[in-house]
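Okay, structure first, notes after.
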Amino acid sequence: MNGTVLIIGMGLIGGSLAICIKKEHPNAKIIGHDVNHKELRLGSSLGIIDEMSLSLQHAAEQADLIIISTPVFQTEKIIEQFKSFSLKENVLITDTGSTKESIMKKSDWMSRRGIQFIGGHPMAGSHKSGIAAAKEILFENAFYMLTPSPSAREENVTELQEWLKGTHAKFLMVEPREHDELTGIISHFPHIIAASLVHRAKVSSASHPYLRRLAAGGFRDITRIASSNPTMWKDITIQNRKVLLALLEEWKAEMEEVVSFVSMNDTEKIFNYFQDAKIFRDDLPILEKGAIPSFYDLFVDVPDYPGVISEVTGYLAQEKISLTNIRIMETREDIYGVLVISFQTLEDRERALHCLSNQTNYELFLG
């Protein structure tokens, strides 16, 4: 496709979308805009965008496709700014916000003026942020939820999907309210619970000095999402507060039930509680990307001698295998340590497993 694409917000998502669009539509011109001029210049120097724009109005008025890839509160302000712009008659506008109902309400005026706005939310991310972390494969096989405005025509939705074809994402059409309920349940609510678990551990660590070391293993993994950007999650919590308040009330009621099971020593109900959770959890898709970014862990039993970590990572580097995180589990008390290497894709982990199996005699386990 030909045309001018404006991407507002040169972060991980905006930068990755720019890469995908440019690869699939090499004749398109990609303009980047960001209040953080450092990220904007970096996007230009990396060749992710064709042109930098310091004037939002000038860039928006020449665009055929506008992608707003900023935090939700900022997205709403930008939509409001568009009211005074002379946008192209056939411009297509979308966003990447993690809540949709408030954004769709804010964009109501566009429908009245015949401007096509289609809400969007790519369900992908990374532990890294900023345009330097942008990558072509970020959205591959991930769900990309779309919430078209009432006035959006089917051909406009098809056009947006064509623009985004290079993401290789799986598009889903949902109502804004359903989107917020779904993401509340499987993304926003778990972030609150993860933060709560960490708070409990922090309080207990004052009287249990070994807690931090013991929490370096599985506890650290199940609370990984608590390390997410606190400003972003403050905004998401406020934006989706209606859904989250309902979920928290249900959670409180469920925990009261659990308290009663335990206090009454009701072994059958306690067993069923864990059993029902296990059955549902074990039935979840393994290979699909969900609302929370997946990281594929490889556990490597390594002897404790100088240079062993660089030795392992060196083998991976020779095969050009990208890793997202590396750490040593500290719960072992023998002479061996457990090196945990995280990968963003299942393919990378499989390649790493094959590589290290051939190059070393260390024991390898999948996480």
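Annotations for the structure displayed:
- Identity of the residue in region 15-44, more than 21 Å from His58 (Cβ to Cβ) and outside any helix (DSSP H, G or I), that ends up farthest from the chain's Cα centre (by Cα): Asn27
- Selection within region 123-160: residues that are closer than 17 Å to Ile225 by Cβ and not aliphatic (A, V, I, L, M). The member of this set that is surrounded by the fewest Cβ atoms within 10 Å (Cβ to Cβ) is Lys128.
- Among the residues of region 221-254, those that are touching a residue at least 24 places away in the same chain (Cβ under 8 Å) and more than 18 Å from Gly97 (Cβ to Cβ) comprise Asp221, Ile222, Thr223, Arg224, Ile225, Ala226, Ser227, Leu247, Leu248, Trp251.
- Region 206-235, subset under 16 Å from Gly184 (Cα atoms) and touching a helix residue (DSSP H, G or I) at 6+ places or on another chain (Cβ under 6 Å), residue surrounded by the most Cβ atoms within 10 Å (Cβ to Cβ): Ala226
Any read-out appearing in this document is the output of simple, stated calculations on the displayed coordinates, not a laboratory observation. Everything numeric in this text was worked out from a predicted model, so none of it was measured. So basically every Cβ, Gly included, is an ideal-geometry build from the backbone, and we count neighbours across all protein chains shown.
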